[in-house]
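The structure appears right after this line, and notes come after that.
The numbers here are math on the coordinates, done by the rules we state, and not lab data. Computed from a predicted structure; not experimentally measured. A quick note on method: Cβ atoms are made from the backbone with ideal geometry, for glycine too, and the neighbour counts reach across all protein chains shown.
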Amino acid sequence: MLTRTSLVAALLVSAGAPTLQAQQCSGGVSSKFVVTGDVNKPQIFNLDQLTQKYSPAQENVTYFAAGSVVTESFTGVLLWDLLNSPPVGGITTNSNIKNDILHKAIVVTGSDCYQSVFGAGEIDPSFGGSQIMVAYATGGVSLGTAGFARIVVPGDKAGGRFVSNIVEIEVKDPTDAGLKMIRH
Ligand SMILES: Nc1nc2c(c(=O)[nH]1)N[C@H]1C(S)=C(S)[C@@H](COP(=O)(O)O)O[C@H]1N2
Ligand SMILES: [Mo]
């Protein structure tokens, strides 16, 4: 069976530049996601791996979802911890580029291809330190139709960045770092 990553790779070879539209985007309840891109060890996670490899974080958040106020108590793993502890083992950076971590974007995609982008600098404890979480439970039970994992962003007014049914977390550099590094 093709993994999602190898499927994308196959599309790359066969059809030129792949787009998300070329993938399924059919929605549905997710049971695993891939962490890929500028990381030391790309990795596939399921619920067992999220609950067993990390100490759980707890966050109570109140936000607007489609005009209604929702309050939930989420359990999960901090996005920074997921990216920076084993098995992923860190975002890869170029030591010749000053604060290269601040160039990195984290693109989170749901099974319906809904997406939100976060900045690594926003969640790096040395910079923004935002407690953005990959949640796997709410009120002590699994997330149901939101899939096995979703993003939770404490402090957000509305739930738009709370990507549910996560299928991919990709780290990439959207800057033209190569052209500009000569200045540093
Ligand atoms: N995958 C995916 N996640 C998503 C959305 C979506 O359409 N697809 N909608 C977002 C929006 S706009 C909101 S307000 C919240 C709603 O989440 P809730 O109904 O579970 O509180 O989910 C967010 N996460
Ligand atoms: Mo929303």
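Using alpha-carbon positions, what is the distance between the centroids of region 63-123 and region 34-54, in Å? Going from one Cα centre to the other spans 13 Å. Mind scanning K53/K98; K32/K98; K53/K157; K104/K157; K98/K157 and naming the pairs with a C-alpha gap bigger than 27 Å? In this structure, K53/K98; K32/K98; K53/K157; K98/K157 exceed 27 Å between Cα atoms. Shape summary of region 63-165, radius of gyration then Dmax from alpha carbon positions: 14.5, 47 Å. Other residues lying with their Cβ under 15 Å from the Cβ of S73 contribute a combined charge of -1, Lys and Arg counting +1, Asp and Glu -1. Taking the fewest neighbouring Cβ atoms within 10 Å as the starting point, the ordered list for L102, L83, L78 is L102, L78, L83.
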